[in-house]
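The values are calculated or read from the model by the stated rules, or taken from the named source; none is laboratory data. These numbers come from a predicted model, not from an experiment. Methodologically, a virtual Cβ is constructed for each residue, glycine included, from the backbone with ideal geometry; neighbour enumeration extends over all protein chains shown.
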Amino acid sequence: MPRSVKVTTSSDVFAAVPHLLQYVPEESFVLIIVGSDPARPNRTEMAARVSLQQFDQDPSALARLLTRPVMDRPVREVIGLVVCPALPGPGLPYRTYVLALAHEIRQLGFRVDEVSHVPDFSEGALWRSYVDMERSGHLPDPFSTPIAAATVAEGIVTARSRDALVGAFSPAAETDRARLEPHIISALAQSRADRDQSDAARDRLARADTAIAAASYGVLPTGDTELADLIATFSIEPFRSAAFSVDSTDLLHGVETLTTHLWRFAPEPCASHLAAVIALHAYLLGAGARASIAVDAGTVPLPLLGLLRHALATQVPHGGLRVAVSEGSAEARAHLITPKRPESPESVARPVSSGDSDDTFDRLEPDAP
């Protein structure tokens with residue numbers, strides 16, 4: 001989460017879990033990683049979640065899976081939370097397995113002071129400790145805490161379930177997609193041509209910038225021509241990289257909102273290019289759950305999607321990635337809008353190999369007979 005908020009009680013830590021994940025988990029085990037970096041002491045570095053269905057595997061394997069992203073980072077402690085309905089008696093669900101999992105995490109060198117159970121994330125929900133059966137407490141309303149306010153201030157929406165996040169990736173009606181496809185094919189050809197014309201490239205980027213700014217205020221394109229034009233811009237390099245916007249949180253949200261809207265109308269491979277852009281900007285916003293869902297929506301093996309899968313798996317820090325994206329975007333933009341020198345006859349006549357561009361991924365291919 002981009003903004004720092006101090007929490008002092010276990011109840012506040014547990015109430016923060018939906019905002020750390022960006023959705024309210026159910027039937028889950030959540031591991032909260034608290035760092036010990038002197039520059040950022042006692043900061044929540046990561047929240048990892050697995051389904052309770054994974055409790056059927058060897059606890060040592062699950063412990064390695066959950067802690068792998070932070071094995072080489074300074075960690076002060078980890079806190080576990082089981083989320084599922086309470087048992088009818090005094091016992092806690094999955095107690096034997098949870099204690100075995102906590103033991104395996106300690107064996108990997110991590111300090112585990114607390115693992116607790118909570119039935120849900122309603123106000124007043126009772127949490128109870130697996131470590132000390134006398135330790136318990138009640139949750140505040142998770143959506144009325146300082147962390148909830150900070151999350152809203154950052155423009156991050158905490159969904160009421162993971163299914164609600166996945167619902168954002170619902171394709172538009174098939175009739176709309178079929179109607180748009182010829183426009184998109186034409187726009188892709190024009191986008192490729194614009195790469196070699198600095199004035200046309202500048203105009204294309206200006207249209208994208210205008211749409212991004214409008215999307216940051218919730219205004220999205222609706223016309224077929226505009227939708228196709230923008231889909232083509234985000235589907236062709238170097239326009240795609242040049243349209244990355246990381247200068248402000250508002251613009252990060254603008255790109256994510258716009259490309260999510262465009263994804264609903266885009267055929268493959270354009271949809272996978274858009275999924276990569278969505279995932280990148282969501283990750284830079286600290287919205288790892290949305291980034292993961294967007295990456296899963298990409299079906300074409302694009303290098304950027306592979307990079308993002310690695311970033312999500314290893315929890316690459318957002319700050320350094322944002323700098324790299326900003327520099328790459330500026331370089332791509334400068335290349336596009338700089339007037340091109342006339343090509344020599346030799347370069348015009350040179351055959352283009354399949355390795356000269358990413359058009360293999362950009363081109364819409366007809367279905368095989």
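Details
- Residue check, Arg49 in the same structural domain as His103 (by TED's automatic domain parsing), farther than 14 Å from Ile105 by Cβ and in a strand (DSSP E or B): yes
- Among the residues of this structure, Phe143 does not count as one that is in a loop (DSSP other than H, G, I, E, B), crowded, with 18+ Cβ neighbours inside 10 Å and within 27 Å of the chain's Cα centre (by Cα).
- Filter pass, Ile156 being of a type outside the set (D, E, K, R), part of a loop (DSSP other than H, G, I, E, B), in contact (Cβ under 8 Å) with a residue 12 or more places away in the chain and under 30 Å from Val78 (Cα atoms): yes
- Only one entry of Tyr97, Tyr130 meets the criterion of being in contact with a Phe, Trp or Tyr (Cβ under 6 Å, 6 or more places away or on another chain) and assigned by TED's automatic domain parsing to the domain that holds Val34, and that entry is Tyr97.
- All of Val34, Val75, Val50, Val17 fail the test of being touching a strand residue (DSSP E or B) at 6+ places or on another chain (Cβ under 9 Å) and either among the aromatic types (Phe, Trp, Tyr) or surrounded by 21 or more Cβ atoms within 10 Å (Cβ to Cβ) (or both), apart from Val17.
- Test: residue in the stretch 163-183 that is polar (S, T, N, Q), in contact (Cβ under 8 Å) with a residue 24 or more places away in the chain, in contact with a strand residue (DSSP E or B) (Cβ under 9 Å, 6 or more places away or on another chain) and loosely packed, with under 15 Cβ neighbours inside 10 Å: no
- When Ala232, Ala266, Ala228 are screened for being touching a Phe, Trp or Tyr at 6+ places or on another chain (Cβ under 9 Å), surrounded by 24 or more Cβ atoms within 10 Å (Cβ to Cβ), touching a residue at least 12 places away in the same chain (Cβ under 8 Å) and not in a helix (DSSP H, G or I), only Ala266 passes.
- Considering (1) assigned to a helix (DSSP H, G or I); (2) more than 23 Å from the chain's Cα centre (by Cα); (3) modelled with pLDDT of 75 or more, the lone condition that Glu346 does not fulfil carries the number (3).
- Set Ala201, Ala178, Ala189, Ala172: member being in contact with an Asp or Glu (Cβ under 8 Å, 6 or more places away or on another chain) and either more than 28 Å from Leu66 (Cα to Cα) or part of a strand (DSSP E or B) (or both): Ala201
- Matching entry among Ala102, Ala125 (being of a type in the set (A, V, I, L, M, F, W, C), free of Cβ contacts under 8 Å to residues at least 24 places away in the same chain and farther than 24 Å from Leu285 by Cβ): Ala125
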